[in-house]
Amino acid sequence: MEIKIQSIHFDATEKLQAFIQKKMVKLEKTYDGIQKVEVQLKIVKPATILNKETDITVTAPGCQMHAEKTCNTFEESVDQAIDSLKIQLTKFKEKMRGR
């Protein structure tokens, strides 16, 4: 599984990148056919409270899933986006099993 992390308008710390890598490996346990994961981290409006936006795109054979969350911290937005993707991947897995 290829993981690409892109931070827009700031430099992501190594600690944040390691956190994202660790979470993405757990995502692979939900569906093992994941080929590529693209993570975009963006600070939206720096003056507001909810300004950390995470945009995750997961590519697997026959599908592409997407989740976008905005929270107070990147860790929180990554967690919420991954929870959303786990649900999507579980539904896709069940759909593929029915074929």
Using only the alpha-carbon atoms, how far is helix 74-97 inclined from the longest principal axis of the chain? Give it as 0 to 90 degrees, nearest 10.
10
One would report the antiparallel percent of DSSP beta bridges in the stretch 2-97, rounded to the nearest 5, as 70
Using the structure shown, list the pairs from Lys52/Lys95; Lys15/Lys36; Lys15/Lys91; Lys23/Lys52; Lys45/Lys91 with a Cα-Cα distance above 29 Å, or answer none.
Lys52/Lys95; Lys15/Lys91; Lys45/Lys91
For the pair Ile87 and Lys15, the simple spin-label estimate (label points 7 Å beyond Cα toward Cβ) gives in nm 3.0
Output the 0 to 90 degree angle, nearest 10, between the alpha-carbon long axis of helix 14-30 and the longest principal axis computed from the alpha carbons of the chain.
20
For the stretch 48-61, 3J(HN,Hα) per residue [Karplus equation, 6.51 cos²θ - 1.76 cosθ + 1.60, θ = phi - 60°, Hz, x = Gly/Pro]
8, 6, 7, 10, 9, 10, 10, 10, 10, 10, 10, 10, 9, x
Could you give each residue of the stretch 65-71 its phi-based ³J(HN,Hα) in whole Hz, using Karplus coefficients 6.51, -1.76, 1.60 with θ = phi - 60°, and x for Gly or Pro?
10, 9, 9, 9, 9, 10, 9
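All of the numbers you see were taken from the coordinates with simple rules; none came from a lab. Not measured: the values here are computed from a predicted model. We place every Cβ from the backbone using ideal geometry, glycine too, and count neighbours over all the protein chains shown.
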